[in-house]
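Single-structure report; data block below.
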Amino acid sequence: MKLFRYSPAFISIILLIILFLPANALCKKARIKDAIVTNTPKDLLVYFSVEGCFTKKMEEAILNGISTTFTFYINLYHPRNFWFDEPLAAVIVRHTIVYNNLKNQFTVTLNSKDKKEVILKDFLEAKKAMAEVNGITVIPMSSLKKNNKYYVRIKAKLDPIKLPFFLDYVLFFVSLWDFETDWYSESFIY
């Protein structure tokens with residue numbers, strides 16, 4: 001009977017795969033969904049939401065008063081044959097949530113043109129407000145040519161958390177709940 005011998009490096013790699021594979025398999029990846037590109041007579045508008053952007057650790061941090069910001073990147077392109085696609089517009093939108101424990105309310109700042117603040121008592125509604133982008137102006141319609149093809153790319157990202165002095169050394173693991181979606185594309189013809 002022959003015994004199998006494995007090197008310590010091989011055993012270490014197998015153990016790492018066993019330890020981290022289930023964690024990665026159970027992770028719910030954030031993604032862009034329900035994207036709509038539409039227009040008014042004056043402007044091109046984008047609507048979308050992000051699914052799977054809140055983890056338990058993130059919710060705990062928000063409920064403990066840590067300010068959390070989502071940044072949404074919206075880019076408009078005109079595809080060209082045999083050359084790079086032409087970038088026409090780039091819009092960055094930020095949504096920030098802060099929980100006030102004394103008042104038991106969430107302040108969600110929607111950083112669009114008017115920088116609107118919404119005060120909510122319900123955490124589910126506050127999370128919904130954070131994860132939805134409604135009617136963001138991307139470009140004036142006068143900048144687009146009729147009967148041409150265009151596409152919008154959308155990405156969402158959690159901004160790095162700014163902790164009070166010395167807490168960033170103690171809570172170094174807070175970066176483990178950062179998220180970033182893949183780019184989502186939506187094509188249209190004007």
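Details
- Cross-link table Lys33/Lys149; Lys29/Lys121; Lys29/Lys155; Lys42/Lys149, entries beyond 20 Å C-alpha to C-alpha: Lys33/Lys149; Lys29/Lys121
- With R₀ fixed at 22 Å, the C-beta to C-beta distance from Glu117 to Leu88 puts the FRET efficiency at about 0.10.
Values quoted throughout were computed directly from the atomic coordinates according to the rules given, and no laboratory measurement underlies them. What you are looking at is a predicted structure, and each value in this text was computed from that prediction instead of being measured. So basically every Cβ, Gly included, is an ideal-geometry build from the backbone, and we count neighbours across all protein chains shown.
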